[in-house]
């Protein structure tokens, strides 16, 4: 952990506020683990359950090793256990039906509780700040492409491509003070802890990918004939995740600003909670407008009409909550994070229209597609119909 006092020579002046976080649409931040349908996850009495495979092995490894091995290889554990009372073999029950071939698990703490990592929350806020600061800094705009190249004029490695740009926007001193850690920038001012939720907040979220092709909107199909598309929603490849469902809520979330850290990056401009709120809300508003236009004009198919209405409802809710918070003199913003929130939300919303083709060409971002980005992950209801999108949360200051 970076010791701000050793860099600035001053004791950290930390301002902490308490917030409530609510998911407005499903949110998924992956743990990198996958539960296989038919093996780890099966349907039982109309529910989706995760088996405790250790208990299954202990019970059947000597009793019927060949049958157990066959069930695992063929993914038919449900048939293998059909004559048994499996209540003692169930590890967890999930709300919803898994439409995909596997179920990606949400990141959790050591007690098995789902979390929104502080790094995800802060990363989303930094994206909003980058978007906001880019609009105000004409010098950085004019030199935008040069920041993405090395001294020889070649594109930087993708994973480090934005470092010079971030230095220019987030720190007046390149990579912070001499001897300080790399990336000592405005992000060090913002301190966020992990947000812990309840296991009951997890539910199965099924998604399909909407793709804009030369022939109009279509749905992605994977596997054999990889990269194919279909006009039939039922034939689209379903991707299932175990994510935070609608209106999952965490109280007493602490966020802090370390005002002393500004000295380490030679930051002279005004910066506070209002700065974060304005940046997050500005980006979210523009993203919602962009997505509504995309779905109406580019997709233009009846199947996403409910998603468009969901976005409009979300937009109205967003404006109403911000107005209430303003009247009550407390901070409130909406931001987007996690899997399925898209390239624009995570990375690209700061790019000016005049630069987007150059960036795509430099970093090989789907160079054959005229429209970019051209895909969207759609959340499906249990009737297999598009109903929402991923990743939107409300962050609202609460009284302690």
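The values are calculated or read from the model by the stated rules, or taken from the named source; none is laboratory data. Since we're looking at a predicted model, the values are computed, not measured. Heads up, the Cβs are rebuilt from the backbone with ideal geometry, glycines too, and the neighbour counts pull from every protein chain shown.
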Task: Residue among 284, 256 that alone is touching a strand residue (DSSP E or B) at 6+ places or on another chain (Cβ under 6 Å), under 21 Å from residue 120 (Cα atoms) and buried (at least 21 other Cβ atoms within 10 Å of the Cβ) - done: 284
Task: Those strands (runs of 3 or more DSSP E) lying entirely in the range 145-244 with at least 1 residues at pLDDT 90 or above and crowded, with 18+ Cβ neighbours inside 10 Å - done: 190-192, 202-213, 216-221, 239-244
TODO: Answer yes or no as to whether residue 94 is at pLDDT below 95, surrounded by 18 or more Cβ atoms within 10 Å (Cβ to Cβ) and outside any helix (DSSP H, G or I).
DONE: yes
Open item on the list: Given (1) over 30 Å from residue 98 (Cβ atoms); (2) surrounded by 21 or more Cβ atoms within 10 Å (Cβ to Cβ); (3) modelled with pLDDT of 90 or more, identify the lone condition not met by residue 264.
Closed with: (3)
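Right, residue 216: more than 25 Å from residue 399 (Cα to Cα), outside the structural domain of residue 380 (by TED's automatic domain parsing) and either in contact with a helix residue (DSSP H, G or I) (Cβ under 7 Å, 6 or more places away or on another chain) or in contact (Cβ under 8 Å) with a residue 60 or more places away in the chain (or both) or not?
On the way: more than 25 Å from residue 399 (Cα to Cα): yes; outside the structural domain of residue 380 (by TED's automatic domain parsing): no; either in contact with a helix residue (DSSP H, G or I) (Cβ under 7 Å, 6 or more places away or on another chain) or in contact (Cβ under 8 Å) with a residue 60 or more places away in the chain (or both): yes.
Criteria not met by residue 216.
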Task: Qualifying residue in the range 150-157 (condition: under 23 Å from residue 283 (Cβ atoms) and touching a residue at least 40 places away in the same chain (Cβ under 8 Å)) - done: no
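Given the structure, is residue 383 in the same structural domain as residue 126 (by TED's automatic domain parsing) and assigned to a loop (DSSP other than H, G, I, E, B)? Step through it out loud before you land on a result.
Numbers: in the same structural domain as residue 126 (by TED's automatic domain parsing): yes; assigned to a loop (DSSP other than H, G, I, E, B): yes.
The answer is yes for residue 383.
Has the range 122-139 got any residue that is farther than 30 Å from residue 168 by Cα and in the same structural domain as residue 273 (by TED's automatic domain parsing)?
If we filter the range 122-139 for residues that are farther than 30 Å from residue 168 by Cα, which is where we start, we get none.
The answer is no, given that none of the residues of the range 122-139 is farther than 30 Å from residue 168 by Cα and in the same structural domain as residue 273 (by TED's automatic domain parsing).
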TODO: Restricting attention to the range 364-380, report how many residues are within 23 Å of residue 123 (Cα to Cα) and either outside any strand (DSSP E or B) or not assigned by TED's automatic domain parsing to the domain that holds residue 303 (or both).
DONE: 3
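Part of a helix (DSSP H, G or I), more than 21 Å from residue 136 (Cβ to Cβ) and over 22 Å from the mean Cα position of the chain (by Cα): does that describe residue 354?
On the way: part of a helix (DSSP H, G or I): yes; more than 21 Å from residue 136 (Cβ to Cβ): no; over 22 Å from the mean Cα position of the chain (by Cα): yes.
Spelling it out, it is not the case that residue 354 is part of a helix (DSSP H, G or I), more than 21 Å from residue 136 (Cβ to Cβ) and over 22 Å from the mean Cα position of the chain (by Cα).
Using the structure shown, decide if residue 322 is outside any loop (DSSP other than H, G, I, E, B), closer than 12 Å to residue 25 by Cβ and touching a strand residue (DSSP E or B) at 6+ places or on another chain (Cβ under 8 Å).
Values: outside any loop (DSSP other than H, G, I, E, B): yes; closer than 12 Å to residue 25 by Cβ: no; touching a strand residue (DSSP E or B) at 6+ places or on another chain (Cβ under 8 Å): yes.
Against the criterion (outside any loop (DSSP other than H, G, I, E, B), closer than 12 Å to residue 25 by Cβ and touching a strand residue (DSSP E or B) at 6+ places or on another chain (Cβ under 8 Å)), residue 322 does not qualify.
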